[in-house]
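Worksheet for the structure shown next.
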Amino acid sequence: MEAMATLTRNFRVLWFGSLITDLGNAMTLPFIVLYIQTLGDYSTTQLNFLGAAAFAVTYACKALVAPLWGRLADQKGRKLMCLRASGMMTLTILGVGLAPNVIVLLILRAAQGAFSGYINNANALISITVPAEQRGQWLSKLVTGSISGTLMGPLLGSLLANTVGYRGAFVATSSLMALVFVMTWWGVQEKVTAVSRATLPPLRPILHQLGGRFICALLTSLLVVQATTNAITPLLSLLVGQLAPQATAQTIILMTGIVAAAPGLATILMAGRVGRILDRLGAGRCLVIFLILAIVDLLLTSLVHQVAWLVGLRLILGIADAALLPALQVMTVEHVPHAAFGRVFSLNQSAQACGNVVGPGLAVIVANWWGYQSIFIVTAGLQLMALMLWVAYFSQQRPHYIALNGLTIALL
């Protein structure tokens, strides 16, 4: 009973922390180019470059540095890593709000990425403390925290920017992260057995034991899911304008907001139900089922000619995401030894960060050559690649037929 009470309290605090972490990111990104414009006299081309750099540098540094923090998580525990991430995010966001020039802003954005990792470590902490038979449900619900923050962030950020100004919005965001730091400090309990660096098992033999196929399928899938969800985001208003050429500018803005929010809303609404499916069928089967669902959905999306169909298909993609991300985390927990959780989860974080950079970048290239709707065909191809990697892995582990709710897939 006491253990369940501790787990519930940990979950609530970490859910709130995940919400505020992604809320803080989403609050400031929509107007960061406008904020940069106040720091100097820049041309439109320079602003486009600086805005992209301010976005990409955070995720690039996150991808590079995450494995180093993973080692420390295995030594000192995940709560300490959550405190490190929330504490540094408090300081770096405040620093961005006080930045005298764009160089300082970019340096602080890089530092924010280098010291990030709250959500990743929150997932790891919950993963190793919940009962195995309920892991899918807990992780699916935890995902709704960060998704909710992503949905609420742009609206709250725009409201703050219009009322207290750009710098005031950064100060408010920093204050929220300070609250997360305090709540995590007092509210999260974790039993940690300190491990010295000398006695920490080396990662390379563990990865070798897991096998190249598993690691490749895991990291590729995380990158692909993240890239697929975010690929169209920078170009979404242009796609909506193409699908509704007679719409006014205000209507296009409204429809773009609805389309952008659809996947996250579906993830929030379906997380509990999908989590129960995950626990009942297992992570492996769910990966195959929902990757197929995502591929079919993306191919259909490439054919849409109306915004209403685009919204509906983006909702279905959100349902797939509600299953895929928790399933990948469950696969990590089920296969990775406890002593290497932090380091492997940090590799997961690096893969997701790379997806945030690769997805929008690839979308711009594809859109320039073949048009906006071709983005969905290319991302469907990425999902198919991830599916084939899991098929190869499962065929190595279980070279026989796997029944998937009436659908039988031959794993050759």
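The values are calculated or read from the model by the stated rules, or taken from the named source; none is laboratory data. Remember, it's a predicted structure, so these values are computed and weren't measured experimentally. Please note: Cβ atoms are built from the backbone with ideal geometry, for glycine as well, and neighbour counts cover all protein chains shown. Keep in mind that these areas ignore ligands, DNA and RNA; they rest on the heavy atoms of the full protein, side chains included. Shrake-Rupley method; radii C 1.70, N 1.55, O 1.52, S 1.80 Å.
Observations on the model:
- Filter pass, residue 97 being in contact with a Cys (Cβ under 9 Å, 6 or more places away or on another chain), more than 20 Å from residue 343 (Cα to Cα) and of a type outside the set (A, V, I, L, M): no
- Scope region 36-84; condition among the polar types (S, T, N, Q) and surrounded by fewer than 22 Cβ atoms within 10 Å (Cβ to Cβ); matching residues: 37, 38, 43, 44, 45, 46, 48, 75
- Close Cβ contacts (under 7 Å, 6 or more residues apart or on different chains) running from residues in region 254-272 that are without any contact (Cβ under 8 Å) to a residue 24 or more places away in the chain to residues that are crowded, with 21+ Cβ neighbours inside 10 Å comprise 256/240.
- For the residues 293, 278, 303, the requirement of being aliphatic (A, V, I, L, M) and either without any contact (Cβ under 8 Å) to a residue 24 or more places away in the chain or open to solvent by less than 50 Å² (accessible area, probe 1.4 Å) (or both) singles out 278.
- Summed over region 311-325, residues that are within 18 Å of residue 126 (Cβ to Cβ) and either modelled with pLDDT of 90 or more or open to solvent by 20 Å² or more (accessible area, probe 1.4 Å) (or both) total 3.
- Just one of (1) out of contact with any Phe, Trp or Tyr (no Cβ under 8 Å at 6 or more places or on another chain); (2) in contact (Cβ under 8 Å) with a residue 60 or more places away in the chain; (3) surrounded by fewer than 21 Cβ atoms within 10 Å (Cβ to Cβ) fails for residue 131. It is (2).
- Within the set 174, 140, the sole residue that is at pLDDT 90 or above and farther than 25 Å from residue 204 by Cα turns out to be 174.
- Taken over region 1-47, the residue count meeting the criterion of being hydroxyl-bearing (Ser, Thr, Tyr) and under 30 Å from residue 130 (Cβ atoms) is 4.
- Where a residue in region 1-19 is at negative phi and small (Gly, Ala, Ser) and its partner, wherever it lies, is in a helix (DSSP H, G or I) and open to solvent by 60 Å² or more (accessible area, probe 1.4 Å), with Cβ under 8 Å and at least six apart: 17/183
- Taking (1) within 23 Å of residue 33 (Cβ to Cβ); (2) more than 22 Å from the chain's Cα centre (by Cα); (3) among the basic types (Lys, Arg) in turn, residue 76 satisfies each apart from (1).
- Test: residue in region 76-91 that is closer than 24 Å to residue 233 by Cα and free of Cβ contacts under 8 Å to residues at least 60 places away in the same chain: no
- Taken as a whole, the structure places residue 232 among residues that are buried (at least 20 other Cβ atoms within 10 Å of the Cβ) and not acidic (Asp, Glu).
- Qualifying residue in region 239-261 (condition: polar (S, T, N, Q), out of contact with any strand residue (DSSP E or B) (no Cβ under 8 Å at 6 or more places or on another chain), part of a helix (DSSP H, G or I) and open to solvent by less than 20 Å² (accessible area, probe 1.4 Å)): no
- Of all the listed residues (113, 17, 117, 87), the sole one being of a type outside the set (Phe, Trp, Tyr), under 23 Å from the mean Cα position of the chain (by Cα) and surrounded by fewer than 21 Cβ atoms within 10 Å (Cβ to Cβ) is 87.
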